[in-house]
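To start, the structure itself, in structure tokens.
The values are calculated or read from the model by the stated rules, or taken from the named source; none is laboratory data. Keep in mind the model is a prediction, meaning the values are calculated, not measured. Cβ: placed from backbone, ideal geometry, glycine included. Neighbour counts: every protein chain shown. Please note that ligands, DNA and RNA were not included when accessible areas were found on the heavy atoms of the full protein model with its side chains. Shrake-Rupley method; radii C 1.70, N 1.55, O 1.52, S 1.80 Å.
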Amino acid sequence: MKKMNLPNKLTIFRMILIVPFVLLLLGGHGGWFGALSEGTERLVDYIALAIFIIASLTDLIDGKIARKYNLVTNFGKFMDPLADKLLVSTAMIALVELSRIPAWIVIVIISREFIISGFRLVASDNNVVIAASYWGKFKTVFQMVMVCLMIANISVLQTATDVIMWIAVVLTIVSLIDYLLKNKNVMREQK
């Protein structure tokens, strides 16, 4: 049995970090830790934010290492995007629970991910590789910044947080439309 390479270990680490992230973010506000002072709640938010940032950075690092050192594996191709979707979706669902983001926005963002994943499955059945677009990359950056700002929950940054949230929503929709238009042939019946 082959040993797991570093990029795959980082992907697994990212998935593991979701557990303490959620426990801290929701537990600090839901009374799991007992009654916390406002200052302690803020501290717990910042620790959850640090975990989210570390997990997000592993996404950047694992891909770069895998490509640079030719460590791309089937496990990584499958698990890396899954870990990303789990991290971001979990964070946004937790933020709905804390009333920091409207549920409909999370539904739009997660729906886009399901649609794109479905397209990629159909494409792979037809031996077509679909590369990520710049719109998708911009969408990801704005979603990550949005989530970080919402976790931090700093009142003086609320307007900036709202603007970034709307940009993330627009980029989510634009990237979906761009993806569908560029890859519409994938859905045609193959003879």
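Stokes-Einstein diffusion for the chain, with the hydrodynamic radius set to the Kirkwood value over Cα pairs and evaluated at 4 °C in a medium of 1.567 mPa s, equals 72 µm²/s.
The label-point distance for SER89 and LYS184, in a model that sets each label 7 Å from Cα toward Cβ, rounds to 2.8 nm. Averaged per residue, the chain has 60 square angstrom of accessible surface, using a 1.4 angstrom probe with ligands and nucleic acids left out.
Rounded to the nearest 10 degrees, the inclination of helix 103-125 to the longest alpha-carbon principal axis of the chain is 20 degrees. Rounding to the nearest 20 debye, state how big the charge dipole of the stretch 49-167 is about its Cα centre with +1 on each Lys and Arg Cβ and -1 on each Asp and Glu Cβ. Using Cβ point charges on Lys, Arg, Asp and Glu, the stretch 49-167 gives about 300 debye.
With every protein chain in place and a 1.4 angstrom probe, the accessible-area ranking of LEU17, LEU57, largest first, reads LEU57, LEU17.
For the pair PHE78 and SER117, label points projected 7 Å from Cα toward Cβ lie 1.3 nm apart. Along the axis of the charge dipole computed for the chain (Cβ charges of +1 for Lys and Arg, -1 for Asp and Glu, origin at the Cα centre), the listed residues PHE114, THR161, PRO102 are led at the positive end by PHE114. Over the chain, dividing the summed -39,500 (n - 2.57) contributions of all DSSP H runs of at least 4 residues by the number of residues returns a 222 nm mean residue ellipticity of -27000 deg cm²/dmol. Hey, any idea what % of the chain's accessible area is carbon plus sulfur with a 1.4 Å probe? Its accessible area is 69 percent carbon and sulfur atoms. Positive-end ranking of TRP135, LEU25, ILE54 along the dipole of the chain, with charges on Cβ about the Cα centre, is headed by TRP135. Between ASN126 and VAL19, residue separation times 0.36 nm minus the direct Cα-Cα distance comes to 34.9 nm. Helix 134-152 and the long axis of the chain differ in direction by around 20°, with both axes built from C-alpha atoms. Computed with every protein chain present, the accessible area of PHE13 is close to 90 Å² [probe 1.4 Å].
Spin-label model, VAL163 to LYS68: label points 7 Å out along the Cα-to-beta-carbon direction sit 3.4 nm apart.
If one takes the longest principal axis of the Cα atoms in the chain, at what angle in degrees, from 0 to 90 and to the nearest 10, does the Cα axis of helix 38-68 lie? That works out to roughly 20 degrees.
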